[in-house]
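Peer 1: The structure under discussion is supplied below as structure tokens; questions concerning it will follow.
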Amino acid sequence: MRLRLGRSLLAGPHTTTELADIWEMSTPEVSRHLAVLRDAGLVRVERRGRYVTYRLDVPAVARLGADALEAMLR
């Protein structure tokens, strides 16, 4: 699931609600996965007013290696 979320974030920033709608998941479930990705340093968080958007940190993913980045791009 985190790989799927990462692919969505690779396309551009999304809110938790947008990701929940895309993947037909509950918002709390998406939030838990995003927290793991954030804690691992793979996702950047940006607050825009009352919205929080998440963006994949491509350089951080690339540092994991070519295989990780390739998996995101598939």
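Peer 1: Going 7 Å from the Cα of V58 toward and past its Cβ, which residues in the stretch 1-30 have a backbone nitrogen under 12 Å from where you end up?
Peer 2: 10-13
Peer 1: If you don't mind, there's one more thing I want to ask. Using the Kirkwood radius over Cα pairs, work out the Stokes-Einstein diffusion coefficient for the chain at 37 °C and 0.692 mPa s, in µm²/s as a whole number.
Peer 2: 268 µm²/s
Peer 1: Counting only C-alpha contacts under 8 Å and six or more residues apart, can you give the relative contact order of the chain as a whole percent?
Peer 2: With pairs under 8 Å counted, the relative contact order is 35 percent.
Peer 1: Which ³J(HN,Hα) values, rounded to whole Hz and listed in residue order, are derived for the stretch 31-45 from phi using the Karplus coefficients 6.51, -1.76 and 1.60 in 6.51 cos²θ - 1.76 cosθ + 1.60 with θ = phi - 60°, glycine and proline given as x?
Peer 2: Each residue of the stretch 31-45 in turn: 4, 5, 5, 5, 5, 5, 5, 5, 5, 7, x, 9, 10, 9, 10 Hz.
Peer 1: Using packing as a proxy for protection, rank 44-54, 22-32 so that the peptide with the highest average count of other Cβ atoms within 10 Å comes first.
Peer 2: Those peptides, ordered most packed to least, come out 22-32, 44-54.
Peer 1: Separation between the A71 and A11 pseudo-spin-labels, each 7 Å from Cα along Cα→Cβ, expressed in nm?
Peer 2: With each label placed 7 Å out from Cα toward Cβ, I get 2.1 nm.
The numbers here are math on the coordinates, done by the rules we state, and not lab data. Since the structure is predicted, the reported quantities are computational estimates derived from the model, not experimental observations. No Cβ is skipped: glycine too gets one built from the backbone with ideal geometry, and neighbour counts run over all protein chains shown.
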